Amino acid sequence: MKKRLSIVIGSGGILCASSLGLIKALQSEGIQPSMAVGCSGGSLYASIIALGIDSEIAQSLTIDLYKNDVVEGYTSNLRAAMTGETRFTESSGLVDDKVMLERLSIAFGEKTFKDTIMPLYIVATEFYSGEAKVISSGKIVDATRASSAIPMVFPPVKIGEHLFVDGAVSNPLPIDVAIREGSDLIIAMGFELPIRKRMNSYAAVTSHLNSLYMNNILKSSFAFYNAASHAEIISILPTFDRQIGGFDHHQLPYIIEQGEKATAEHISYIKKLLDN
Amino acid sequence: METTITPGKIDVIAVSGAIDALTAAELIAIFHKHIHDGHPDVIADFSQVEFMSSAGLRAILASVKEARSVGGDFRMANPSAGIDKVLKMAGFHNIVKIYPSVQEALASFGS
Amino acid sequence: MSASKKPRVALVVGSGSVKCAAALGLWKSLDKAGIPIDMLVGCSGGSLYTAGMALGFSVDETIQKTKMLWNEKVTEQKNWRALAGVLFPKLFNNHFGMVSEKPLMARLNSVFGNKTFNDTKIPLTIMATDFQSGESVPITNGKIVDAIRASVAIPFVWGAHKVGERLLIDGSVSDPMPVDIAIKEGAEIILAMGFQSPISPKIKSISRYAFHINSLITNNLYQSNFSFHSAAHHAEIVPIFPDFDRPIRLFDTDQIPYVIEQGEKATDAQIPYIRKLLNL
């Protein structure tokens with residue numbers, strides 16, 4: 001029987017584009033996944049894989065999404081929220097998500113989970129309880145937008161009964177979903193968020209702390225999935241030898257290349273495990 | 001995957017190749033046999049391990065638990081940068097004693 | 001476990017601010033039952049009580065000291081420089097906290113003075129987090145006051161604390177209930193007391209929002225660490241999770257007697273099982 005290969009792409013902002021390199025490396029060996037799972041930034045690329053969107057479109061989406069105008073207004077809105085000039089509630093965000101939604105729509109349009117060529121699961125966090133939830137129906141734009149609702153930056157997203165925030169708050173690399181849905185082999189691509197050295201504002205410290213927290217939850221859940229399940233998990237953790245800023249879309253070719261390289265190191269073992 | 005045992009005050013078991021679903025069971029059997037053969041303390045030299053999946057991580061945990069349950073300890077030495085990245089991501093440095101060299105691992109049992 | 005050797009017992013008390021006073025109830029209960037502890041690990045609020053136990057304080061003495069140490073006066077003095085720094089980034093620095101550390105330090109000093117880890121009668125580890133890298137930092141030497149001050153540096157409440165070369169913050173950012181220390185050091189029986197962070201149902205300001213997200217992540221971290229540690233430990237982890245029938249928030253210090261009582265109850269319930277594990 002053919003082995004079921006699942007791809008899990010974790011949170012990591014623009015670094016998640018490394019998964020385009022992963023796909024390239026798999027395709028050149030004729031390896032086809034049968035399920036895609038994604039969280040936060042990784043949800044975009046899981047969707048791209050599951051919809052069979054080609055690499056060119058995926059790259060132009062990445063470039064559009066990681067342009068500064070996506071977070072326009074951040075600084076002035078932050079100041080207003082800090083002074084109490086504007087109210088800040090559970091449905092607030094420091095950035096208007098209009099631009100982000102427009103850009104996501106260019107790639108995903110009206111496509112739903114029914115349009116995928118393989119099962120797709122996207123993880124987001126329920127805002128009040130902090131629990132990880134799996135989204136597997138409805139519009140792809142809504143699910144990816146919910147999964148990547150960076151706390152405080154983008155407003156949480158209401159889908160059905162739930163208000164959702166960034167999946168990285170609960171489950172940054174959702175290997176458990178691939179285990180639960182049935183996989184013989186799981187390729188998990190994960191990223192630690194880059195850490196800044198200097199902080200000179202309240203906002204910088206807040207985002208730094210969020211990164212620390214998310215990196216720790218990433219490691220902790222990764223540890224548990226590896227230790228406690230019987231699934232065969234292959235971790236691909238690309239390394240970057242240079243600083244890559246949150247909106248450094250000029251580094252895209254390098255990011256993809258590092259993903260391809262990290263995959264190539266493991267490809268012979270992956271083939272062996274699939275063939276066995 | 002292959003293993004080589006170097007006997008000493010504390011035996012060092014060097015592992016090479018891949019530890020994954022195809023080889024992990026064999027590795028666990030080797031370590032368990034050794035631990036129960038009167039060597040509750042053991043050092044695993046990981047310098048020649050090229051690839052490790054979750055099955056490899058579980059093989060380490062199984063061996064650590066086995067050694068500790070008979071009053072010994074399973075300590076690791078010299079994982080390559082790629083393998084160490086996975087060990088760190090999986091929080092193994094917080095629960096298993098891992099040293100940069102076999103010498104340091106040996107010395108750790110001295111105290 | 002070899003039958004001949006007495007199993008080594010570790011007590012781990014996790015973060016939980018005021019709720020950590022439940023450790024005093026746990027301590028009472030262990031005293032009554034004569035359960036010996038070989039190793040202590042504390043994080044954040046839990047570091048206060050594990051330090052007291054390690055130094056050989058009596059439980060009654062520590063209850064008195066807790067009431068003195070942990071009251072609303074500790075937080076009433078605002079750190080105006082830090083507050084101003086929010087609006088004027090030029091005044092901002094890394095030692096950032098909304099509450100002045102002076103009252104806290106004065107109280108910690110009056111309880112622990114110049115005591116160091118060398119003065120402990122039982123080995124003690126206090127968990128903090130490296131502010132730069134986010135890694136957990138187990139502290140096992142130096143002044144107890146410094147270790148506790150670092151371990152309780154709740155983000156945005158108290159600033160980071162420098163110990164040696166490292167800038168340290170609240171241990172709960174990396175390891176809210178540090179069972180891993182006890183595993184690595186070879187404890188067999190691990191008594192683990194831990195708490196979930198309270199979640200606020202209403203969000204009215206951006207700082208509340210930040211706090212809410214921190215609580216969600218700390219809770220998730222606490223759960224997934226506990227899952228991993230349970231899977232990784234070769235012997236027994238005895239969880240002691242007290243129940244509270246009311247929300248206990250960050251500075252609800254008037255609830256301390258109730259919190260202690262719940263801690264004692266939760267521990268009493270586990271004593272027969274612990275005795276059995278220890279062949280007592």
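The values are calculated or read from the model by the stated rules, or taken from the named source; none is laboratory data. Source: prediction; values computed, not measured. Here the Cβ is made from the backbone with ideal geometry for all residues, glycine too, and neighbour counts use every protein chain on show. These area figures cover heavy atoms from the full protein model, side chains too; ligands, DNA and RNA do not enter into them. Shrake-Rupley method; radii C 1.70, N 1.55, O 1.52, S 1.80 Å.
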May I ask for the Kirkwood hydrodynamic radius of the stretch A:1-128, worked out over all distinct Cα pairs and given in angstroms to one decimal? 16.4 Å
Relative contact order, percent, the stretch C:187-280 [alpha-carbon distance under 8 Å, six or more residues apart]: 37 percent
Taking Cα atoms, how many degrees apart are the long axis of helix A:18-28 and the longest axis of chain A, rounded to 10 and kept between 0 and 90? 20 degrees
What average count of beta carbons from other chains do you get within 10 Å of the Cβ of residues in C:230-238? 5
Take the Cα atoms of the stretch C:198-280, build their convex hull, and give its volume per residue in Å³. 109 Å³
Go ahead and estimate [θ] at 222 nm for chain C from helices alone: -39,500 (n - 2.57) per DSSP H run with n ≥ 4, summed, over the residue count, rounded to 500. -13000 deg cm²/dmol
Provide the FRET efficiency to the nearest 0.05 for the residue A:31-residue C:61 pair, computing r from the beta carbons and using R0 = 56 Å. 0.25
Total accessible surface hidden between A and C, rounded to 100 Å², 1.4 Å probe: 3700 Å²
Calculate the FRET efficiency for residue C:236 and residue C:268 from the Cβ-Cβ distance with a Förster distance of 22 Å, rounded to the nearest 0.05. 0.75
Pop a pseudo-label 7 angstrom from the Cα along the beta-carbon direction at both residue C:5 and residue C:133 and give the gap in nm to one decimal. 3.0 nm
Ignoring ligands, DNA and RNA, what percent of the accessible area of the stretch B:2-108 is carbon or sulfur (1.4 Å)? 54 percent
Please state the charge dipole magnitude for chain C, taken about the Cα centre, from unit charges on C-beta atoms (+1 on K and R, -1 on D and E), reported in debye and rounded to the nearest 20. 500 debye
Two decimals is fine: what is log10 I(q)/I(0) at q = 0.10, 0.20 Å⁻¹ for the stretch B:2-108, from a Debye sum with one equal scatterer on every Cα and no solvent? -0.22, -1.01
Rounded to two decimals, what is the ratio between the C-alpha radius of gyration of chain C and 2.2 N^0.38 Å? 0.97
To the nearest whole number, what is the average tally of beta carbon atoms from other chains within 10 Å of the beta carbons of peptide C:201-214? 6
Across C:188, C:236, C:61, the residue with the highest GNM fluctuation in chain C (Cα network, 10 Å cutoff) is C:61
Hey, what number do you get for chain A at 222 nm if only DSSP H runs of n ≥ 4 count, each worth -39500 (n - 2.57), divided across all residues, to the nearest 500? -13000 deg cm²/dmol
In degrees rounded to 10, the 0-90 angle between helix A:252-264 Cα long axis and the longest Cα principal axis of chain A is 30 degrees
Mean-square fluctuation check for chain C, GNM, Cα pairs under 10 Å: which of C:226, C:241, C:57 is largest? C:57
Tell me the angle of helix C:256-277 to the major Cα principal axis of chain C, expressed in degrees between 0 and 90 and rounded to the nearest ten. 30 degrees
With the contact rule set at Cα under 8 Å and sequence spacing of 6 or more, what percent relative contact order holds for the stretch B:2-108? 26 percent
Could you give me the ³J(HN,Hα) list for the stretch A:7-12, computed from phi with Karplus coefficients 6.51, -1.76, 1.60 and θ = phi - 60°, whole Hz, x at Gly and Pro? 10, 10, 10, x, 6, x
Per GNM of chain A with C-alpha springs under 10 angstrom, the most fluctuating residue out of A:167, A:246, A:41 is A:246
Given the protein assembly as shown, what whole percent of its Cα pairs are spread farther than 51 Å? 10 percent
From zero up to wherever the largest Cα-Cα distance of chain A sits, split into 5 Å bins and tell me the percent of pairs in each. 1, 6, 13, 18, 20, 18, 12, 7, 3, 1, 1, 0, 0
Pairs beyond 23 Å (Cα-Cα), from C:67/C:265; A:111/A:133; C:6/C:184; B:65/B:97: none
Residues of the stretch A:166-204 losing 50 Å² or more of accessible surface, assembly versus chain alone, probe 1.4 Å, please list them. A:169, A:199, A:202
